[in-house]
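What follows draws every value from the coordinates through simple rules; no lab data is involved. Model, not experiment: these values are computed from the prediction. Positions of Cβ are backbone-derived with ideal geometry, glycine not excepted, and every protein chain shown enters the neighbour counts.
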Amino acid sequence: MLDTGKLSWKPGQPVPYSHLATMFEKVEKESKRLEIISLVTDCLRSVIETTPEDLLFCVYLCVNKLAPAHEGVELGIGDMILKKALAEATGRQVKDIQSDYDKVGDLGTVAMKSRSTQRVMFAAKSLTVQTLHKSLLQIAKMTGKDSGTLKKDKIKSLLVAAKGIETQFIVRHLQGKMRIGLAEQTVLVALAHSIALSVPQGTKPNKQILEKVSCPCFLNQLIDSLQAAETLREVYSQLPCYDKIVPVLLKEPINNLPLNCYLQPGIPVHPMLAHPTKGVSEVLDRFADQTFTCEYKYDGERGQIHMTPDGTVRIFSRNSEDNTSKYPDLIALMPKVIKEQTKSFILDAEVVAYDRETKKILPFQVLSTRKRKDANEDTITVQVCLFAFDILYYNGDPLIKRSFHERRELLKSTFTEVEGSFAFAKSRDASDTEEILAFLNDAVADSCEGLMVKTLFGDSSTYEPAQRSHKWLKVKKDYIDGMTDSLDLVPIGAFFGKGKRTGVYGAFLLACYNEETEDFEAICKIGTGISDTQLKEFYDAFEPIIISEPKSYYQYDDSPGLLPNVWFEPKIVWEVAAADLSISPKHKAAIGLVDESRGIALRFPRLVRVRDDKGPEQATSSTQVAAMYRNQAVIGQ
Ligand SMILES: Nc1ncnc2c1ncn2[C@@H]1O[C@H](COP(=O)(O)OP(=O)(O)OP(=O)(O)O)[C@@H](O)[C@H]1O
Ligand SMILES: [Mg+2]
Ligand SMILES: [Mg+2]
């Protein structure tokens with residue numbers, strides 16, 4: 001047990017936010033992951049041992065989220081509102097705050113400095129994790145015409161109540177980015193460790209666990225902690241919802257967590273991802289000892305379809321966003337494709353634009369013209385067909401541990417195809433090069449992107465939520481003449497156009513996302529693949545997200561040709577193809593991962609499409625960029 005005597009609050013009392021803020025400050029200064037885990041673990045342990053009911057709020061604040069992803073509550077307050085609130089809270093002028101910001105580059109730091117120059121008239125009550133979480137949630141949910149002022153006032157009251165270092169982190173919570181190098185995966189590990197080490201009082205540990213915990217043997221505890229971390233990671237990928245998981249962690253031994261928390265219709269599962277390959281020969285190498293199947297790789301939008309036992313149907317995007325109101329036609333279709341005995345399910349499928357007259361799949365671009373929210377079934381012009389390729393849950397049973405062969409059988413026996421609206425992904429259990437190549441050609445001729453190749457039997461064919469697994473390989477037709485996969489990148493700035501492109505942006509600066517540092521790292525300047533109409537559209541579309549200076553978390557080169565004329569909030573994601581990746585003295589992508597001081601750049605990048613099913617944090621990561629570079633180096637030899 002920890003020595004809780006030194007804490008600034010008594011057992012049972014609300015945990016003050018300063019407890020977290022102090023930990024955040026230490027984490028920010030620390031670069032070793034193990035040390036960071038241990039700082040977070042200690043912090044959470046003291047909460048578990050004193051005021052366990054505050055653990056949920058602590059976890060949310062650590063991962064800087066307010067609610068489960070599918071509830072769509074997001075922070076990310078614009079700098080202008082923050083500056084105004086800060087000015088009002090401290091009695092300073094916005095322009096002085098701005099000039100400090102220009103020097104320091106981080107509004108959180110400016111806020112803290114401004115607070116320390118302000119005379120404190122009376123000692124405000126300290127902020128607790130619970131009140132802060134509640135206030136942030138209220139701010140995020142404010143909508144309507146007066147919401148700007150309401151948000152500003154609420155933020156002001158938070159800033160007035162904050163003390164010392166708390167101010168800095170509250171501003172960062174509000175901005176939606178903590179930037180202290182604390183990734184969600186790290187918080188999960190720390191949470192598991194803290195539960196394993198500080199067995200919550202409410203749990204009824206079984207005898208075996210009691211013996212282990214009371215045994216002073218450090219090794220036993222370590223093994224427990226590691227197992228706990230793995231258990232929690234897996235459970236979280238199935239049920240990404242702290243509201244469900246944390247109360248169980250506090251009540252039951254962690255070994256029991258998978259018995260109580262697993263995928264549940266209504267809560268989007270993190271989708272399984274596929275591994276890119278260079279082509280059919282790589283598939284055959286990788287799957288040399290496996291039976292596998294090839295499926296059409298449809299080019300639409302992933303749709304995870306849930307039906308809860310009360311009959312409600314919801315559709316979630318790749319990004320766990322609730323897309324239900326975008327597809328009223330699919331919701332209406334569901335009763336026609338299920339059998340009478342079906343009570344609940346989770347389907348994995350691709351939504352594709354479809355022409356019912358010609359019976360042809362339409363390009364992704366057509367799908368992207370559909371209304372994104374609150375569509376009305378009667379006014380829909382772009383028809384869609386749903387291609388189902390997996391089933392993860394059926395009538396109370398999670399299926400992800402079953403083999404793909406079994407899941408596919410179940411899918412086919414429990415759903416019915418409806419021409420032009422609902423079909424099973426076209427598949428062929430091919431095994432030799434010629435057969436696969438022929439099927440790839442068919443796929444391309446039928447307007448698909450290529451093939452998905454999946455293992456069929458045993459443990460090597462289970463469904464792995466959130467994993468970019470080697471059980472699923474993708475073969476795209478484009479690979480044949482380029483890199484193994486496209487990248488999804490964030491435009492962070494733009495260059496004014498010249499000549500024919502006068503009056504619009506002629507090129508954009510793109511960045512990948514570094515999950516460790518939460519930085520966006522510039523990877524290329526792009527001007528190709530963008531039509532004149534798109535250039536005009538982008539000029540307008542980017543207008544609301546222009547910012548006066550680059551974010552402190554943008555890594556870029558400031559030499560004249562590469563320094564954008566305008567900067568953007570990181571909001572938009574573009575899919576980009578390129579000829580190859582090269583080490584660059586200028587660009588900063590994956591810096592330190594392949595080369596100590598140089599980053600990686602894309603050569604001859606071209607825009608493939610705008611991706612509205614990915615957020616900036618789901619952009620291609622620096623680690624992926626490094627892996628793509630290395631992979632290409634191997635293939636090039
Ligand atoms: N038969 C299929 N099986 C599985 N996924 C399919 C199938 N047909 C189409 N897809 C789509 O292909 C996607 C995987 O390949 P894609 O390259 O498009 O991934 P992505 O969304 O760009 O994500 P990432 O690049 O991060 O893997 C799936 O998420 C799904 O939307
Ligand atoms: Mg796709
Ligand atoms: Mg992709």
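Structure notes:
- Residues in the stretch 525-569 that a label on Lys500 would reach, taking backbone N under 13 Å of a point 7 Å out along Cα→Cβ: 528-535
- In the chain, taking the dipole from charged Cβ atoms about the Cα centre, the farthest positive-side position among Leu456, Tyr242, Thr416 is held by Tyr242.
- Relative contact order (percent, whole number), the chain, Cα cutoff 8 Å, 6+ residue spacing: 11
- For the chain, the Cβ-based charge dipole about the Cα centre amounts to some 1760 debye (Lys, Arg positive; Asp, Glu negative; other atoms uncharged).
- Estimated at 0.36 nm per residue, the fully extended path between Glu340 and Ser559 surpasses their Cα-Cα distance by 72.3 nm.
- Value of [θ]222 nm, deg cm²/dmol, for the chain, DSSP H segments ≥ 4, -39500 (n - 2.57) each, nearest 500: -11500 deg cm²/dmol
- Straight-distance candidates among the lysines for linking to Lys145, with alpha-carbon spacing under 21 Å and chain neighbours fewer than 8 residues away dropped: Lys83, Lys84, Lys154, Lys156, Lys373.
- On the beta carbon distance between Lys134 and Thr312, with R0 = 25 Å, the FRET formula returns roughly 0.35.
- Thr358/Glu184 FRET efficiency (R0 30 Å; Cβ-Cβ; nearest 0.05): 0.10
- Across all Cα atoms of the stretch 79-175, the radius of gyration (one decimal) and Dmax (whole number) stand at 12.7, 35 Å.
- Once divided by 2.2 N^0.38 Å, the Cα radius of gyration of the chain becomes 1.01.
- Projecting label points 7 angstrom from Cα along Cα→Cβ for Glu409 and Val104 puts them 6.4 nm apart.
- Annotation: extensible slack from Glu419 through Thr533 equals 37.5 nm (criterion: 0.36 nm per residue apart, minus Cα-Cα distance).
- Label-reachable residues, the stretch 2-24, where backbone N falls under 15 Å from a point 7 Å from Glu53's Cα toward its Cβ: 10-16
- Ordering Ser431, Pro309, His405 by the projection of their Cα atoms onto the charge dipole of the stretch 296-438, which places +1 on the Cβ of Lys and Arg and -1 on the Cβ of Asp and Glu, puts Pro309 at the extreme positive end.
- Among the trypsin sites (Lys or Arg not before Pro) in the stretch 285-360, those placed in a DSSP loop whose Cβ has at most 12 other Cβ atoms within 10 Å are Lys339, Arg356, Lys359.
- Couplings for the stretch 129-137, taken from phi via the Karplus curve 6.51 cos²θ - 1.76 cosθ + 1.60 with θ = phi - 60°, read 4, 5, 5, 5, 4, 4, 5, 4, 5 Hz in order; Gly and Pro are left as x.
- Computed extension gain for Arg372 through Phe604, at 0.36 nm per residue and net of the alpha carbon distance, reaches 80.4 nm.
- Distance between the modelled labels on Leu259 and Leu284, one decimal in nanometres: 4.9 nm (7 Å Cα→Cβ projection).
- Inter-site label distance for Thr623 and Glu74 at 7 Å from Cα along Cβ, in nm: 2.2
- Cα coordinate range in the stretch 284-375, projected on the principal axes (Å, largest first): 46, 35, 29
- Long-range HN-HN contacts of Gly176 with modeled amide H, under 5 Å: Gly76, Ile77
- Label-zone membership for the stretch 356-396, site Ala445, 7 angstrom Cα→C-beta point, backbone N under 19 Å: 358-363
- Sequence-separation-based contact order of the stretch 79-175, relative, with Cα cut under 8 Å and 6+ spacing, percent: 44
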